[in-house]
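Structure record follows, encoded as structure tokens.
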Amino acid sequence: SDLQEEGKSAINSPMHPASVDIHPEDTQLEENEERTMIDPTSREDPKFKELVKVLLDWVNDVLVEDRIIVKQLEEDLYDGQVLQKLLEKLADRKLNVAEVTQSEIGQKQKLQTVLDAVLDLLRPHGWALRWSVDSIHGKNLVAILHLLIALATHFRAPIRLPEHVSVQVVVVRKREGLLHSSHVSEELTSTTRDAFDTLFDHAPDKLNLVKKSLITFVNKQLNKLNLEVTELETQFADGVYLVLLMGLLEDYFVPLHNFYLTPESFDQKVHNVSFAFELMLDGGLRRPKARPEDVVNLDLKSTLRVLYNLFTKYKNVE
């Protein structure tokens, strides 16, 4: 009991741009036309570079089977071709668009179709859409980054985005034949961390306490089946113990034909973990933040999040 309280206390305890003038004399603008660009100083910011690289690598990982290699986000994504393939892969659906479009009108029509599909996905979740057909087609890197961050977050991409990334955006407008520029700060990522991120980064001693507390919690149930867990990192990765644990916590027998008792392939393990997640939903829990694939891939943080979710609801179950 004391260990459980200490574990709960450990997880819940709190843990403790320069303005640059740009004069784009060579920018050709019509009267009252406006154009935006990223301040060169922001482009050199290490966190901004890291964000671009993480998203670039993620896009290439998703599209590896299509033999598509993206080298530069704004140059390779503006015409909608790569974005179409990316969305089709992520959402597992086919978009009704022409495969190749050379004209600007055709490219924008394809972009509109792709972005409409994105809107259908994100609108129910309250996303603020900070991009448009014109901004994407105009190779506006900030708009493209906003779009990719939203997609990566919605589809729970197995990546970690750097936090608190902001850029200085230069807004150039032509008035009475003269160019006027102003600076606006644009936030790309905010804090997406949770208590487990903090524990891993700043409190490894408390992390061990949480692990011990969770092991005590799960073994209290699994011991009823003469099972015992000693390693959280590996023993939940095939989903079997997760399924059995849900049956014990909710006091029912899980029919053996619903899951693989001795899973051999990656897909079978993912099936087991996904099935355990469904049982959690049936038990009134929220869907875990972790993906089944993350648990199967021995991602300790994801496994801990799932188990702690169970701990908070069932810690007093006998």
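Looking at residue 274, is it more than 20 Å from residue 211 (Cα to Cα), open to solvent by less than 50 Å² (accessible area, probe 1.4 Å), in a helix (DSSP H, G or I) and hydroxyl-bearing (Ser, Thr, Tyr)? Against the criterion (more than 20 Å from residue 211 (Cα to Cα), open to solvent by less than 50 Å² (accessible area, probe 1.4 Å), in a helix (DSSP H, G or I) and hydroxyl-bearing (Ser, Thr, Tyr)), residue 274 qualifies.
For the range 154-168, the condition holds for at least one residue, the condition being that it is at pLDDT below 90, in the same structural domain as residue 58 (by the TED database) and assigned to a helix (DSSP H, G or I).
Each residue in the range 229-259 was checked for being in a loop (DSSP other than H, G, I, E, B) and under 18 Å from residue 298 (Cα atoms), and 7 of them qualify. Just one residue in the set 63, 77, 56 is among the hydrophobic types (A, V, I, L, M, F, W, C), open to solvent by 20 Å² or more (accessible area, probe 1.4 Å), out of contact with any strand residue (DSSP E or B) (no Cβ under 9 Å at 6 or more places or on another chain) and at pLDDT 90 or above; that residue is 56. A count restricted to the range 52-73 and to residues that are within 16 Å of residue 151 (Cα to Cα) and not in a loop (DSSP other than H, G, I, E, B) stands at 12.
The values are calculated or read from the model by the stated rules, or taken from the named source; none is laboratory data. What you are looking at is a predicted structure, and each value in this text was computed from that prediction instead of being measured. Virtual Cβ from ideal backbone geometry, glycine too; neighbours counted across all protein chains shown. Ligands, DNA and RNA are excluded from the accessible area calculation, which covers all protein heavy atoms including side chains. Shrake-Rupley method; radii C 1.70, N 1.55, O 1.52, S 1.80 Å.
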